[in-house]
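See structure below.
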Amino acid sequence: MFTPSQAGFRRLLPLLRPHLRQLSWGVLCMLIYVGSFPLLIRLAGQLFPALGSGDLNRVLGLIGLALVIFAVQKLAQFGQDSLLAGPALQVSQRLRSDLFRRLQTVELGALEKLSAGDLTYRLTEDADRVSEVLYKTIHDTLPSLLQLLAVLGVMLWLDWKLTTAILLLAPVIVWLISLFGARVMVATERSRKKVSELAGLLGEAIEGLPLVRAFAAESWLQDRFEGEIDQHRQARHLTYSLVALQHPVVGSIEVAGLFAVLAMGAARIQSGDLDINGLSSYLTGLVVLIDPIAHVTNNFNEFQQGQASLRRLRQIEQEPQEPPDPVNAVSIGCLQGDLKLEQVSFGYDPAQPVLRSVDLSVQAGEVLALVGPSGAGKSTLFSLLLRFNTVQQGRILLDGHDLSRLRARDLRRQVALVPQRTTVFSGSVAEAIRFGRPASDEDVEQAARLANADDFIRALPHGYGTQLEERGSNVSGGQLQRIAIARAVLGNPSLLLLDEATSALDAEAEAAVQLGLKQAMAGRTVLVIAHRLATVQEADQIVVLEQGRVVDRGTHDALMQRGGRYRDLCERQFIRDLQNG
């Protein structure tokens, strides 16, 4: 019945190895629990005739012995359940941790295509479902199966002919359970997908509520949300209906089997092949069989639902990973920041290159500005410098070291990014600047001073200990950007990447951030993606990219005098700045 699945529940078994001792004690308790059933069945076979004979002493003795066995059984059941719960939960924790670690290494291009709501649901609800199924399999399904085997063994010993007749029903029951289970798994997977889509929509809706109100689109969003929850309801209802239908169908066959046994048992007593003691034990065993059959049936449905959840978790493993470090990676210390690109070409789709034979050379301490229309390859160049992607042709050298030969973590300690849209995790301001790196309070404050952030941070209610709310919503955009600059310079990187760091700020906030950038850029090699004229004017050299090629380069004055594409970009993109200047 429990056929191998593509979800790979068997692949979780190695995760149980560290807990073999605890599992062994749990299994011992399980065997004691299961082994008590044949004893209780034998006692029941002796008790009913004793009741009929009126032998009070024998009845009391049998009841006392049954109570002792029952007490031992329940103690063993408690030990079984408590001892086996820990390993099951720890396996789930390990699975969730491993998948989250793997998620952090998924190629950024693939990661951006995934829904945050869907991933959140997979690593929470789906992981919990796998944990529940694993726990039930270990502490409930396995004992129930052993109980079935033990009781059937006693029944075969009591009357093998009658038991063989009963076993003829087993294939029908197994087939029905499997049939329903397969449909439950498909329905559950569809239901899980609908929940993930609903979670994704909720995430988008909550973040975009101001925009929805601005466009008076509340009715549209409400209709879309109600459509999603209705699809989710239908998917869940199908699952519930299948489970609900299974119980009466399988139950009817079980009841028919029970009546058939009673009829055959009466016939065998009449023929003298079975006595009343044997029939009493046999009927007790038959009653004892009902509970484990119900447990196995219910747990199989949950097992199928768990397979759907595990399959969704395993899909994370199938996402492409960022390239691993080379086998003989070069170890680097603190670099100067000399940067050179030699005939660099790259495309997310090799048939459609984004960068084409790009040559660049930046001396340590220089500032290079990248300008060009959207899609020219500016952001792609940054992703190559951070080795989020690897060069397909040519090479990139940092202080003469080929980036493809460096360890990614070592490289990223030398290259820092200030993104256009700042992302911070909830926590204190100091933690946001540290961002998981070991740094003293003095180092954090020094980084904040370089970013022109120290004054406003100290003015916060608790200074560097002030807690940032989700997405940094309790500080302004300019303050958040200066925290991002402090975060970038904390590790003293040799190469600083600025991705339109002031594009979304007003004039006053931009001035404060520009001062922070100017201080942070001092003594470092800096690459700037910028459309703001002030940043471009101060660059040591400006490179104009178009359709992945370098079409012009030089200083601001030289390029303006030369005319061409750069001047055209300035007149189109910075006309307001030129007029104000």
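The values are calculated or read from the model by the stated rules, or taken from the named source; none is laboratory data. Only a predicted model underlies this, so the values are computations on that prediction, with no experimental measurement involved. Heads up, the Cβs are rebuilt from the backbone with ideal geometry, glycines too, and the neighbour counts pull from every protein chain shown. Note: accessible area is taken over every heavy atom of the protein model, side chains too, but ligands, DNA and RNA are not part of it. Shrake-Rupley method; radii C 1.70, N 1.55, O 1.52, S 1.80 Å.
Matching residues to (1) acidic (Asp, Glu); (2) surrounded by 15 or more Cβ atoms within 10 Å (Cβ to Cβ); (3) at pLDDT 70 or above:
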position: 230; (1), (2), (3): yes, no, yes
position: 241; (1), (2), (3): no, no, yes
position: 288; (1), (2), (3): no, yes, yes
position: 318; (1), (2), (3): no, no, yes
position: 329; (1), (2), (3): no, yes, yes
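For residue 152, all conditions in the list (1) under 37 Å from the mean Cα position of the chain (by Cα); (2) surrounded by 13 or more Cβ atoms within 10 Å (Cβ to Cβ) hold save one; what is the number of the exception?
(1) is the only condition that residue 152 fails.
Any chance the stretch 423-446 includes a residue that's over 30 Å from residue 384 (Cα atoms), modelled with pLDDT of 85 or more and among the aliphatic types (A, V, I, L, M)?
Residues of the stretch 423-446 that are over 30 Å from residue 384 (Cα atoms), as a first pass: 427-428, 440-442, 445.
From what is left, the residues that are modelled with pLDDT of 85 or more are 428, 440-442, 445.
Adding the requirement that they be among the aliphatic types (A, V, I, L, M) leaves none.
No, because not a single residue in the stretch 423-446 is over 30 Å from residue 384 (Cα atoms), modelled with pLDDT of 85 or more and among the aliphatic types (A, V, I, L, M).
Only one of these is within 23 Å of residue 325 (Cα to Cα), open to solvent by 20 Å² or more (accessible area, probe 1.4 Å), touching a strand residue (DSSP E or B) at 6+ places or on another chain (Cβ under 7 Å) and at pLDDT 85 or above: 403, 417, 398. Name it.
Values: 403 fails: open to solvent by 20 Å² or more (accessible area, probe 1.4 Å); 398 fails: open to solvent by 20 Å² or more (accessible area, probe 1.4 Å).
Only one candidate qualifies: 417.
Is there a residue being surrounded by 13 or more Cβ atoms within 10 Å (Cβ to Cβ), part of a loop (DSSP other than H, G, I, E, B) and on the phi > 0 side of the Ramachandran plot anywhere in the stretch 422-434?
Scanning the stretch 422-434, I find no residue that is surrounded by 13 or more Cβ atoms within 10 Å (Cβ to Cβ), part of a loop (DSSP other than H, G, I, E, B) and on the phi > 0 side of the Ramachandran plot, so the answer is no.
Within the stretch 533-581, work out how many residues are open to solvent by 80 Å² or more (accessible area, probe 1.4 Å), at pLDDT 80 or above and either in contact with a Ser or Thr (Cβ under 6 Å, 6 or more places away or on another chain) or more than 23 Å from residue 364 (Cβ to Cβ) (or both).
Selection size over the stretch 533-581: 6.
Please list, ordered by residue number, the helices (runs of 4 or more DSSP H) wholly in the stretch 58-160 having 3 or more residues that are touching a Ser or Thr at 6+ places or on another chain (Cβ under 7 Å) and not β-branched (Val, Ile, Thr).
Numbers: elements: 108-112, 116-121, 127-136, 142-158.
Result: 116-121, 127-136, 142-158.
Taking the stretch 486-532, which residues are open to solvent by 20 Å² or more (accessible area, probe 1.4 Å), assigned to a loop (DSSP other than H, G, I, E, B) and at pLDDT below 80?
500, 503, 504, 505, 506, 531, 532
For the stretch 391-419, what are the residues that are of a type in the set (Gly, Ala, Ser) and in a strand (DSSP E or B)? Spell out how you get there, then give the answer.
Narrowing the stretch 391-419 to residues of a type in the set (Gly, Ala, Ser): 394, 400, 404, 408, 416.
Result: 394, 416.
Would you confirm, using the coordinates I've provided, whether residue 219 is open to solvent by less than 70 Å² (accessible area, probe 1.4 Å), of a type in the set (S, T, N, Q) and modelled with pLDDT of 70 or more? Even if it seems obvious, please write down each step before you answer.
Numbers: open to solvent by less than 70 Å² (accessible area, probe 1.4 Å): no; of a type in the set (S, T, N, Q): yes; modelled with pLDDT of 70 or more: yes.
Answer is no for this residue.
Looking at the stretch 90-111, I want the residues that are touching a residue at least 12 places away in the same chain (Cβ under 8 Å) and over 21 Å from residue 125 (Cα atoms) and have a partner that is open to solvent by 70 Å² or more (accessible area, probe 1.4 Å) and not in a helix (DSSP H, G or I) with Cβ atoms under 7 Å, at least 6 apart or on another chain. Which pairs are those?
Between residues of the stretch 90-111 that are touching a residue at least 12 places away in the same chain (Cβ under 8 Å) and over 21 Å from residue 125 (Cα atoms) and residues that are open to solvent by 70 Å² or more (accessible area, probe 1.4 Å) and not in a helix (DSSP H, G or I), the close pairs are 109/348.
Between residues in the stretch 369-382 that are touching a residue at least 24 places away in the same chain (Cβ under 8 Å) and residues that are of a type in the set (Ser, Thr, Tyr), which pairs lie under 9 Å by C-beta distance while being six or more apart or on different chains?
Every condition considered, the pairs that remain are 369/535; 371/566; 380/348.
Would you say residue 437 is in a loop (DSSP other than H, G, I, E, B) and either basic (Lys, Arg) or buried (at least 16 other Cβ atoms within 10 Å of the Cβ) (or both)? Let's see the steps before the verdict.
Numbers: in a loop (DSSP other than H, G, I, E, B): yes; either basic (Lys, Arg) or buried (at least 16 other Cβ atoms within 10 Å of the Cβ) (or both): yes.
In short, yes.
Applying the selection to the stretch 94-132, what residues are more than 15 Å from residue 312 (Cα to Cα) and crowded, with 16+ Cβ neighbours inside 10 Å?
Keep residues of the stretch 94-132 that are more than 15 Å from residue 312 (Cα to Cα), which gives 94, 97, 101, 104-113, 132.
Across the stretch 94-132, the qualifying residues are 106, 107, 111, 132.
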